[in-house]
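To start, the structure itself, in structure tokens.
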Amino acid sequence: MDDAAPDLLPEGLEDRLPPEAAAATRVMRAIQDVMHSHGYDRVLPPMIEYERSLAGRMAGINARRMFRFVDPSSLRMMALRADYTPQIGRIAQTRLADAPRPLRLWYAGQVLTIKPEGLDPAREWLQCGGELVGADNVAAASEIVTMAIEALETAGATGISVDFTLPDLVDTLAADAMPLPAERIEAVRRELDAKDAGGLVEAGGEGYLPLLYATGEFDTAIERLAAFDAATGSGGGALASRIAGLKEIAASLGGRVRLTLDPSERHGFEYQSWFGFTLYADGVRGALGRGGTYRIAGEGKGEPATGFSLYPDALVDIVALADAREDLLFLPLGHNREEAARLRSIGWRTVAALSEGDAPGVLGCTHMLTSEGPQPV
């Protein structure tokens, strides 16, 4: 064991010091207030669950991303959550199985993975979001997208853009309009996601090549997708209902944000069904969140749901840099405690001296309480 630097944190983990921690609190509170205002109720699942529950609640969950260990009490395999959504699904189908549908729930906290994603070295993130359980129609999708945008705007994001996708695109086409052998479906999905025309042809998906060009600004891309759909199979139209749904969701946003379409995008959509979306904002590297429709595993075909997850760490960093220095009031020894309490009640932050050596400048205070009230230092 290497004890040369015992105070170093493991790779991909970090402390948030006071300015960043304060910004994180404000950003998370703003997002939470929006979800609360839309009638969503908070749930607080545990950080650790049985691996089987976390990995088996929805298709596409990768248990290898999770920290796992054997519970010394039950001798069963446990895991730390890498995503809140499976836990919300468990709560909805067990503790809240008899609650009226649609069921609106929200969550906020931290998630942890074994390996980072892409070029981002972080292995721990803030995650917050809302899940609408019991509905995956256009109305549900519109509500979720609108709420996600409002949450980011309230938290301080600007120049928001939303990229729509159809996660089950290949499965839908391969089932009838553009049949594919079962063993080729995953390869075609992968090459479409990678935007590799040569690889797509080699995978046996030459007929899917036009999908590589049905991307970009929403109005243009959706018409290209519609033209492709009309030309496929015997009469086409396999994607007609999905295309109509995307147009309706886009119309519900009323030009509020920039919209794009990438119908074959799969990254980050391991368990979504017919609709998915990714959120971006000016000045923020990478995606701020994702969402879409999915099914929670259960009896029969399971239960439909629609939701979104925000990962606001990058936004927190921007908010922290933009924050002005907050006023801090120094309370000297023997200060008027009633006056100090009154000032705190109207928004002042105070720091009380504990000894004669304490000074406002040393403690970072901007004001000092005097007989005439708060005075700048």
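Some notes on this structure:
- Whichever residue in segment 93-144 is surrounded by fewer than 20 Cβ atoms within 10 Å (Cβ to Cβ) and hydroxyl-bearing (S, T, Y) and, among such residues, is nearest to P10 (Cα to Cα): T94
- None of G204, G199, G237 is part of a helix (DSSP H, G or I) and more than 21 Å from T278 (Cβ to Cβ) except G199.
- Checked against the criterion of being assigned by TED's automatic domain parsing to the domain that holds R26, basic (K, R) and either touching a Lys or Arg at 6+ places or on another chain (Cβ under 7 Å) or surrounded by fewer than 21 Cβ atoms within 10 Å (Cβ to Cβ) (or both), the candidates R285, R290 yield just one match: R285.
- Any chance L152 is at pLDDT 95 or above, in the same structural domain as T306 (by TED's automatic domain parsing), under 20 Å from G298 (Cβ atoms) and surrounded by 18 or more Cβ atoms within 10 Å (Cβ to Cβ): no
- All positions within segment 241-268 that are among the polar types (S, T, N, Q) and buried (at least 17 other Cβ atoms within 10 Å of the Cβ): T260, S264
- Spans of strands (runs of 3 or more DSSP E) in segment 46-147 with at least 2 residues touching a Phe, Trp or Tyr at 6+ places or on another chain (Cβ under 8 Å) and outside the structural domain of K247 (by TED's automatic domain parsing): 77-80, 103-112, 124-133
- Criterion: more than 17 Å from the chain's Cα centre (by Cα), surrounded by 18 or more Cβ atoms within 10 Å (Cβ to Cβ) and farther than 12 Å from P86 by Cα - qualifying residue of M66, M35, M28: M66
- Taken together, the residues in segment 175-196 that are farther than 24 Å from G237 by Cα and either of a type in the set (D, E, K, R) or in contact with an Asp or Glu (Cβ under 9 Å, 6 or more places away or on another chain) (or both) amount to 2.
- Here L180 passes the criteria (1) surrounded by 19 or more Cβ atoms within 10 Å (Cβ to Cβ); (2) assigned to a helix (DSSP H, G or I) except the one numbered (2).
- Taking the criterion of being of a type in the set (V, I, T) and over 15 Å from R42 (Cα atoms), the residues of segment 64-115 that qualify are V70, T94, V111, T113, I114.
- Among the residues of segment 231-251, some residue qualifies, meaning at least one is over 25 Å from D136 (Cβ atoms), out of contact with any helix residue (DSSP H, G or I) (no Cβ under 6 Å at 6 or more places or on another chain) and hydrophobic (A, V, I, L, M, F, W, C).
- R90 vs. criteria basic (K, R), crowded, with 16+ Cβ neighbours inside 10 Å, in contact with a Pro (Cβ under 7 Å, 6 or more places away or on another chain) and modelled with pLDDT under 95: no
- Extreme residue, surrounded by the most Cβ atoms within 10 Å (Cβ to Cβ), among residues of segment 203-218 that are at pLDDT 95 or above and out of contact with any helix residue (DSSP H, G or I) (no Cβ under 8 Å at 6 or more places or on another chain): G216
- Residue tally, condition within 20 Å of the chain's Cα centre (by Cα) and on the phi > 0 side of the Ramachandran plot, over segment 222-279: 1
The values are calculated or read from the model by the stated rules, or taken from the named source; none is laboratory data. Note that the structure is predicted; figures quoted are calculated from it, not measured. In this analysis, Cβ positions are derived from the backbone assuming ideal geometry, glycine residues included, and neighbour counts consider all displayed protein chains.
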